[in-house]
Amino acid sequence: QVQLVESGGGLVQAGGSLKLSCAASGNNFRFNAMGWYRQVPGKQRESVAIISRRDTINYADSVKGRFIISRDNPKNTVYLQMNGLKSEDTGVYYCNARFSFGVFWGQGTQVTVSS
C-alpha cells in the first residue's frame, strides 16, 4: 500500500510564500504522475499542479506564474513552491500520486492565507 505524507501547510499573510512537500512511501515503484489538488468548503476538489515522471507539467490558470511544482524521482517526492499567495488560495491541499497499479491521496494539509 502507498502512503503519502504531506507537510508544509500553515498560515501565511497575503503575498507570502509556503512550500508543500509530499513523499510517497510503501512501495518501490516509480510514480507516473504526482501533484496537488485543493478543496474549499462547498466546492469540488480542483487540480492545482501536476507533474509527470517525464516532467510534463500542468498548472491551474489561477496559479500560473506564482506556483512551481518540482519532483525528486528517486525519493518519490513532489514539492509545491507557492509564492505570491492570495486569499483565494486558501484551502486544504491534497497530494495525489498515480502509479501503474493505482491512484492514491494524502490526508490533506491546510493552507490559510490571511488578507
Using the Cα centre of the chain as the reference point, and only Cβ charges (+1 on K/R, -1 on D/E), how large is the resulting charge dipole? Debye, rounded to the nearest 20. 220 debye
Using a 1.4 Å probe, how large is the accessible area of residue 105, given in Å² and rounded to the nearest 10? 110 Å²
Would you look at the GNM of the chain, springs on alpha carbons closer than 10 Å, and say which of 85, 11, 20 moves the most? 11
Give the lysines reachable from residue 19 as a straight Cα distance under 22 Å; neighbours fewer than 8 places away on the same chain don't count. 64, 75, 86
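Rule-of-thumb check for the stretch 5-53: C-alpha Rg over 2.2 N^0.38 Å? Provide the component values of the computation, followed by the final result.
Numbers: Rg = 13.4 Å, N = 49, 2.2 N^0.38 = 9.7 Å.
Its radius of gyration relative to the 2.2 N^0.38 Å reference: 1.39.
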With 0.36 nm assigned to each residue of separation and the Cα-Cα distance removed, residue 5 to residue 81 gains 25.7 nm
Give me the accessible area per residue for the chain, probe 1.4 Å, as a whole number in Å². 54 Å²
Along each of its three principal axes, how wide is the spread of alpha-carbon positions in the stretch 61-103, in whole angstrom units, largest first? 36, 18, 16
Neighbour count of at most 10 Cβ within 10 Å plus DSSP loop: longest trypsin sites (Lys or Arg not before Pro)-free window in the chain: 65-115
With the convex hull built on the Cα atoms of the stretch 1-93, state its orientation-averaged projected area in nm². 6.2 nm²
Additional length obtainable on full extension of the chain from residue 52 to residue 64, 0.36 nm per residue less Cα span: 2.6 nm
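The values are calculated or read from the model by the stated rules, or taken from the named source; none is laboratory data. Given the structure is predicted, the values throughout are model-derived calculations rather than measurements. Positions of Cβ are backbone-derived with ideal geometry, glycine not excepted, and every protein chain shown enters the neighbour counts. SASA here: full protein model, heavy atoms, side chains in, ligands and nucleic acids out. Shrake-Rupley method; radii C 1.70, N 1.55, O 1.52, S 1.80 Å.
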